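The values are calculated or read from the model by the stated rules, or taken from the named source; none is laboratory data. Everything quoted here is computed from the prediction, not taken from an experiment. Glycine also receives a Cβ, built like all others from the backbone with ideal geometry; neighbour counts cover every protein chain displayed. Remember, those area values only see protein heavy atoms, side chains included, never the ligands or the DNA or RNA. Shrake-Rupley method; radii C 1.70, N 1.55, O 1.52, S 1.80 Å.
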Amino acid sequence: MFDVSGRVACVTGARSGLGRAAATALAAHGARVVGVARREEQLQEWSESCTGETAIVAADLGDRRNIPGIAAAVAEPFGPPDILINAAGINTRQPADDVTEDGWNITIELTLSAPFFLAKALVPAMKTKSWGRIINFASLQSRRAFAGGIAYGASKGGVEQMPRAMADAWSADGIMCNALAPGFFPTELTGPVFANDDLSGKLAEQTCIGRNGELRDLEGPLLFFCSDASSYVTGQVLFVDGGFTAK
């Protein structure tokens, strides 16, 4: 039920962090994975470090005019994707009074708009197979406010709603649309948090489990959403946060 071998997966933000972890896990479990991000050198390093079949597409998802070309490029190595993981994002960490138009726009464009428009471009091929999986990355900030996070939080609030609307639009065609909402995991975006032992310790104490996330904690939930195990699950958001939002 959790088998993804032979499936074609497109993972945005694959060069680092949660996107890289997702892309690596899918490749290790037999999916043919196309990683998408801006920095080609880091993407290539990811691809060479993986077990399994991988390819890369270096492109800027922050400009929606690039989306049609990106959609075409990700279909070239292995055929049209069966699975889309939208993990790319940015957090400018600008306090509300200091938010700039540029900071707001790039956050919304990359974190909220790109997942929708890339999915929209890839859905027709999924419909022809009557099978597809779209997994967006929501966040604790989809529901909680954090300092300096108004633009990021607004975008992630939209990301939480998006799989519900996507499910209504596409799940009758066999395309399951869901979201993972990670707690605090060690990534580039959370680097400042994990560099501060007191802060990371306090965040761990706010979970029910008593620790922050490790990248391996995402593997099971990811495989669930990417496989036939989730064939009757759509429009849902799964918080993988150690119980942070339960307290």
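Listed values, structure above:
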item	result
Nonlocal amide H pairs with Ala55, under 5 Å, H built at 1.01 Å	Val33, Val34, Gly35
Debye log10 I(q)/I(0) at q = 0.17, 0.19, 0.24 Å⁻¹ for the stretch 130-186, Cα point scatterers	-0.57, -0.66, -0.87
Relative contact order (%) - criterion: Cα under 8 Å, at least six apart; region: the chain	19 percent
Loop sites in the stretch 123-159: trypsin sites (Lys or Arg not before Pro), DSSP, at most 11 other Cβ within 10 Å	none
Area projected by the alpha carbon convex hull of the stretch 83-126, averaged over all directions, nm²	3.3 nm²
For the chain, calculated [θ]222 nm from helices alone, where every DSSP H run of n ≥ 4 adds -39500 (n - 2.57)	-11500 deg cm²/dmol
Sorted peptide list for 74-87, 99-112, criterion being average Cβ within 10 angstrom, highest first	74-87, 99-112
Kirkwood Rh and Cα Rg combined as Rg over Rh, evaluated for the stretch 101-247	1.00
Accessible surface of Thr128 - all protein chains present, 1.4 Å probe, nearest 10 Å²	110 Å²
Placed amide H near Leu84: partners under 5 Å, 5+ positions off or other chain	Cys10, Arg133, Ile134, Ile135
Cα-based Rg and Dmax for the stretch 1-120, where Dmax is the largest Cα-Cα distance (Å)	14.7, 49
Per-selection Kirkwood Rh - the chain (Cα, Å, 1 d.p.)	18.0 Å
Rg/Rh for the stretch 80-164, where both radii come from Cα atoms and Rh is the Kirkwood radius	1.06
Global form of the stretch 37-178, assessed from the alpha-carbon gyration tensor, a/c cut-off 1.5	oblate
Geometric extent, Cα atoms of the stretch 168-247 - Rg, Dmax (angstrom)	15.2, 48
